[in-house]
1. By Kyte-Doolittle mean hydropathy of at least 1.0 and Cα axial length of at least 15 Å, which whole DSSP H helices of the chain are selected?
2. Once the dipole of the chain is set up with Lys and Arg at +1 and Asp and Glu at -1 on Cβ about the Cα centre, which of 103, 285, 205 lies farthest towards its positive end?
3. Find the centroid of the Cα atoms in segment 116-169 and in segment 1-64, then give the distance between the two in whole Å.
4. Taking each pair of different alpha-carbon atoms in the chain once, compute 1/r for the pair, average those values, and report the inverse of that mean as the Kirkwood hydrodynamic radius in Å to one decimal.
5. Under 5 Å between amide hydrogens, which residues at least 5 positions from residue 12 or on another chain qualify, with H placed 1.01 Å from N in the peptide plane?
6. Can you tell which of 167, 117, 44 lies farthest toward the positive end of the dipole of the chain, using +1 and -1 charges on the Cβ of basic and acidic side chains (Lys, Arg; Asp, Glu)?
7. Can you tell me the order of 103-109, 114-120 when each peptide is scored by its average per-residue count of other Cβ atoms within 10 angstrom, highest first?
8. Residues of segment 34-65 with amide nitrogen under 14 Å from the 7 Å Cα-to-Cβ point of residue 103?
Amino acid sequence: MPVLGFDLGGTKLAAAVFSTDGRIICEETLPIGKKTGKDVGRMIADQTTKFLRQQKLTGVEITSIGIAVPGISFKKNETVWAPNIKGWEEYPLKKEIQAIADHIPVKIESDRTCYILGESWVGNARGCSDAVYIAVGTGIGAGILVNGTILSGAHDIAGAIGWMAMQKPYKKRYDDCGCFESSASGAGITKMAISNLRNTKNYTGILSKKPLENLTAQDVFNAYDENDPIAKKIIKHCIMFWGMAVANLVSILNPQKIILGGGVFGPAVKFIPQIHKEAAKWAQPISMQKVSLEATALGKLAGLYGAGLLALQNSNQLNSGHE
């Protein structure tokens, strides 16, 4: 029986109906635009109504709904926090969608959790009981699978690896997003480039040709390919940080695979061998020898597939509980 998955991002809402074997039956992506608060919730609710009606007309109804949100899903009070959506500090998303879905179960998880779920379903973590998805985009987070179960933590915040302490001393710029994220995320790469450009005298390289306010992480990757000295310095720093993060996760969790994804991987996929080499300096050696470091197989669809598996697992758990 089909399930419905939603992947909510900072700029778009993706939805898809999945078969139980991971095949997309139908899908749609809509821009969020400038919507905030209840308007975003209403958008998800409208799409839920639309897909439920469409599937009912086919004679095969949706049996479960899974939603990936760009933040934290608090299970105890059934609210979500999404820092990029204004008004979503303690938003009652599950209550709103459950009211529309009626008897159909609804499950909500963080996007980073759904990334590893998606990869474990139809991606590069298939068959793994222990795997980590490191998502490097505007920010940095990790979806963690341990003994076949998602690691959520006591307060549903596990995987906030952007806050990992990677170097000393502590700097004020770490306050908002953490040490790791502040310089090795997409936003961090941009900030590092701007800082270097402002503090480097007589620089006339590629990055100087673009206004600072329009600079992006992609510009830094492009400049790296042209052998730009500032870009090379920044990417070298990121490779070191990405490698240290991999090493820490390998040493703590002993996973079978670590999957690298998000918008930065992407253009940073070609650095995976260098990241592996850096990680090997720091990690528990036996665990490091046994782990496989790979790029995402699902790209931008990882969260959507993860939401689909979330729905399927929730439906299966409920059904087994009634037997």
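The values are calculated or read from the model by the stated rules, or taken from the named source; none is laboratory data. Quick caveat: nothing in here was measured; it's all calculated off a predicted structure. Note that each Cβ is placed from the backbone with ideal geometry, even for glycine, and that neighbours are counted across all protein chains shown. To get the accessible areas, we keep the full protein, side chains included, count just its heavy atoms, and leave off ligands, DNA and RNA. Shrake-Rupley method; radii C 1.70, N 1.55, O 1.52, S 1.80 Å.
1. Working: long enough: 37-58 (33 Å, -0.83); 111-122 (16 Å, -0.05); 186-199 (20 Å, 0.04); 229-253 (36 Å, 1.24); 272-282 (16 Å, -0.72); 302-322 (30 Å, -0.04).
Helices passing the filter in the chain: 229-253.
2. About the Cα centre, the residue reaching furthest to the positive side is 205.
3. So the two Cα centres are separated by 24 Å.
4. Numbers: mean 1/r = 0.0486 Å⁻¹.
Value: 20.6 Å, from the Cα pair sum.
5. Here 32 satisfy the definition.
6. With unit charges placed on the Cβ atoms, the residue in question is 167.
7. Numbers: 103-109: 19.7, 114-120: 29.9.
In descending order of packing, they fall as 114-120, 103-109.
8. It comes to 61-64, nothing else.
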